1. Which shape class applies to the chain: rounded if a/c is under 1.5, otherwise prolate when a/b exceeds b/c and oblate if not, where a ≥ b ≥ c are the square roots of the Cα gyration tensor eigenvalues?
2. Find, among the trypsin sites (Lys or Arg not before Pro) in segment 1-71, those assigned to loop by DSSP (not H, G, I, E, B) with at most 11 other beta-carbon atoms within 10 angstrom.
3. Fully extended, how many nm does the chain gain between N64 and S78 (0.36 nm per residue separation, minus their Cα-Cα distance)?
4. With labels modelled as points extended 7 Å from the Cα through the Cβ direction, what inter-label distance (nm, one decimal) is found for F101 paired with K27?
5. Share of antiparallel DSSP beta bridges in the chain, in percent to the nearest 5?
6. Over segment 1-98, how many pairs of lysines fall under 18 Å by alpha carbon, counting only those 8 or more apart in sequence or from different chains?
7. Once you sort the root eigenvalues of the Cα gyration tensor of segment 40-86 as a ≥ b ≥ c, which label holds: rounded (a/c under 1.5), prolate (a/b larger than b/c) or oblate (the other case)?
8. Test of understanding: what is the full-extension gain from N2 to L51, defined as 0.36 nm times their sequence separation minus their Cα-Cα distance?
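Read the figures in this text as sums done on the coordinates, not as results from a lab. Fair warning: this is a prediction, and the values are worked out from it, not measured in the lab. Virtual Cβ from ideal backbone geometry, glycine too; neighbours counted across all protein chains shown.
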Amino acid sequence: MNKPIIFFDGNCNLCNGFVRFLIRIDKKKIFRYLSLNSKTALQLPQLKEYLIPPFQTVILYQKNNLFTQSDAVIEIISQLNYPWKFFWIITFIPKKIRDWFYKIISRNRYKIFGRNDNCELWDESFFK
């Protein structure tokens, strides 16, 4: 696992949309993408506390470090090319405020964006 992995809720339409967007703009193929209920996620002891559905955060796993909630989004954005990299500016917003907004969106994402019973795009063979 040399590349950073973005773990996401594969049943969430918002999460799937975010990942599709990242794949489209990640021309250098910096990231790999896996559902939080994938075999790989289940095998990583660092993810254990986050693997209780409904999944409440996107997780960036990079060099044995975990980034969650707004920190994950900021870390992902910081590795993208311009103009997307410009959005790192949200780091000036205090973490408590960023995560408060993140949690509101996370708790309501199924109501607002809907959900699929199956992860529509992702299967681990996609990354081999």
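1. Rounded shape, in that the Cα axes give a/c under 1.5.
2. K27, K28, K29, K63
3. 3.2 nm
4. Result: 2.8 nm between the two label points.
5. So the antiparallel bridges in the chain amount to around 65 percent.
6. Total qualifying Lys-Lys pairs in segment 1-98 comes to 11.
7. Judged from the Cα gyration tensor, segment 40-86 comes out prolate (a/c at least 1.5, a/b above b/c).
8. In short, 15.4 nm is gained.
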